[in-house]
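Let me begin by presenting the structure, written as structure tokens, before commenting on it.
The values are calculated or read from the model by the stated rules, or taken from the named source; none is laboratory data. For clarity, every value in this text was computed on a predicted model and none was experimentally measured. We place every Cβ from the backbone using ideal geometry, glycine too, and count neighbours over all the protein chains shown.
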Amino acid sequence: MTAPIDWTVTAAGAQARIDKALATALADQDITRSQIQKWIKEGRVTAAGQPVNAKAKLAEGTVVTVTPSAPAPIAAEPEDIPLDIVYEDHDVIVVNKPQGMVVHPAPGHHHGTLVNALLAHGQLATINGAIRPGIVHRIDKDTSGLLMVAKNDKAQQSLTAQLKAHKNARKYLAIVHGVIHEDQGTIDAPIARNPKDRKKMAVVVDGREAVTHFKVLRRFRHYTYIQAVLETGRTHQIRVHMAYIGHPVAGDPLYGPAKTLPGAGQFLHAATLSLTQPTTGEELTFSAEPPENFREMLKWLAENDD
């Protein structure tokens, strides 16, 4: 995005520093305050043709022009990063992604991603282009667990079709806030981009169909340990759905309350994944136990919140 952006200072905007006012006004374009501050330093934010100061408060009605710099090109380069490979054949890799790892390069995450590690490991399908080679589905940076990756284009097409037809069993484990009294249930609520905050998803009336099934595994005094099964695969689906029914995932920095449990991390793990092997047609199912911090938290809850 390099075309200039004109914004007229509103009454509310006149009360705030220009960097903060612009960050609020342009949030739906995924422009951050730090990015605006950088552009201000570079003289790319002007009012009446003159560069503005980040701390300045401009009068209501002032037209501000932002001329964004061209985004740096993103490339996926092989990197020697250890992988926890659960299964591999000539078509498919099933990998257990650690918490904190981004799946593929994106602005702000050019290196250290799962794709960088996979490219160093071997050949991947090319259908998705150079940034997301072999990637069939994603899990969030702070979610750990199983992902299937295609090594060739035929496998990519097969796995993508399976996912679209809801043929892949995907079971997650999560620690959520509050005590869920029902032993099991289904959340059928459409999801779309949050109209008030473009960085978040939300249950929206005209959103895309989203269905999550959950089962209680254990109740504590203030938390519940659950299994969640995806019928659809919308962005942030489990996190949005659990928050929607009043039981957000513990440690979720976007949809949950402020930090309430010791330690760090979002307690959501993709524990089970099934797929049909693209060449042989064999039905395969894989499991991975939650990471150590997740297991330690369950132990801590049993000792301190039971």
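Would you pick out the residues in the stretch 193-234 that are farther than 29 Å from R295 by Cβ, of a type outside the set (A, V, I, L, M) and touching a helix residue (DSSP H, G or I) at 6+ places or on another chain (Cβ under 6 Å)?
R198
With the requirement that a residue be modelled with pLDDT under 95 and either closer than 26 Å to A165 by Cα or in contact with an Asp or Glu (Cβ under 7 Å, 6 or more places away or on another chain) (or both), what does the stretch 237-255 give you?
Within the stretch 237-255, no residue meets the criteria.
Consider I226 against the criteria (1) out of contact with any Leu (no Cβ under 7 Å at 6 or more places or on another chain); (2) among the β-branched types (V, I, T); (3) at pLDDT 95 or above: it satisfies all of them except one. Which criterion is unmet?
(1)
Which members of the stretch 256-285 meet the condition of being assigned to a loop (DSSP other than H, G, I, E, B), at pLDDT 95 or above and crowded, with 18+ Cβ neighbours inside 10 Å?
Scanning the stretch 256-285 gives F267, P278.
Select from the stretch 30-52 the residues that are surrounded by 12 or more Cβ atoms within 10 Å (Cβ to Cβ), of a type outside the set (D, E, K, R) and modelled with pLDDT of 90 or more and list them in ascending order.
Of everything in the stretch 30-52, those that are surrounded by 12 or more Cβ atoms within 10 Å (Cβ to Cβ), of a type outside the set (D, E, K, R) and modelled with pLDDT of 90 or more turn out to be I36, Q37, W39, I40, V45, T46, A47, P51, V52.
State whether the residues of the stretch 83-95 include one that is surrounded by 12 or more Cβ atoms within 10 Å (Cβ to Cβ) and more than 30 Å from T280 (Cα to Cα).
No: zero hits.
Any residue at all in the stretch 129-140 that is free of Cβ contacts under 8 Å to residues at least 12 places away in the same chain, not assigned by TED's automatic domain parsing to the domain that holds V249 and not β-branched (V, I, T)? Steps first, answer last, please.
Pass one, the stretch 129-140, residues free of Cβ contacts under 8 Å to residues at least 12 places away in the same chain: 129.
Cutting the leftovers down to not assigned by TED's automatic domain parsing to the domain that holds V249 gives us 129.
Restricting the remaining residues to those that are not β-branched (V, I, T) gives 129.
For the stretch 129-140, residues free of Cβ contacts under 8 Å to residues at least 12 places away in the same chain, not assigned by TED's automatic domain parsing to the domain that holds V249 and not β-branched (V, I, T): present.
Conditions tested, residue by residue: (1) touching a strand residue (DSSP E or B) at 6+ places or on another chain (Cβ under 8 Å); (2) more than 11 Å from V176 (Cα to Cα); (3) among the polar types (S, T, N, Q); (4) in contact (Cβ under 8 Å) with a residue 24 or more places away in the chain.
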{"site": "F220", "(1), (2), (3), (4)": "no, no, no, yes"}
{"site": "Q237", "(1), (2), (3), (4)": "yes, yes, yes, yes"}
{"site": "V240", "(1), (2), (3), (4)": "yes, yes, no, yes"}
{"site": "V249", "(1), (2), (3), (4)": "yes, no, no, yes"}
{"site": "G256", "(1), (2), (3), (4)": "yes, no, no, yes"}
{"site": "G265", "(1), (2), (3), (4)": "no, yes, no, yes"}
{"site": "L268", "(1), (2), (3), (4)": "yes, no, no, yes"}
{"site": "A271", "(1), (2), (3), (4)": "yes, yes, no, yes"}
{"site": "T280", "(1), (2), (3), (4)": "no, yes, yes, no"}
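If I ask for residues that are more than 32 Å from the chain's Cα centre (by Cα), surrounded by 13 or more Cβ atoms within 10 Å (Cβ to Cβ) and not aliphatic (A, V, I, L, M), which ones from the stretch 54-82 would you list?
Going through the stretch 54-82, the residues more than 32 Å from the chain's Cα centre (by Cα) turn out to be 55-64.
With the extra rule that they be surrounded by 13 or more Cβ atoms within 10 Å (Cβ to Cβ), the set shrinks to 56-58, 62, 64.
Those that are more than 32 Å from the chain's Cα centre (by Cα), surrounded by 13 or more Cβ atoms within 10 Å (Cβ to Cβ) and not aliphatic (A, V, I, L, M): K57, T62.
Looking at T232, is it of a type in the set (V, I, T), closer than 23 Å to V136 by Cβ, at pLDDT below 95 and surrounded by fewer than 17 Cβ atoms within 10 Å (Cβ to Cβ)?
Judged against the criteria, T232 is a match.
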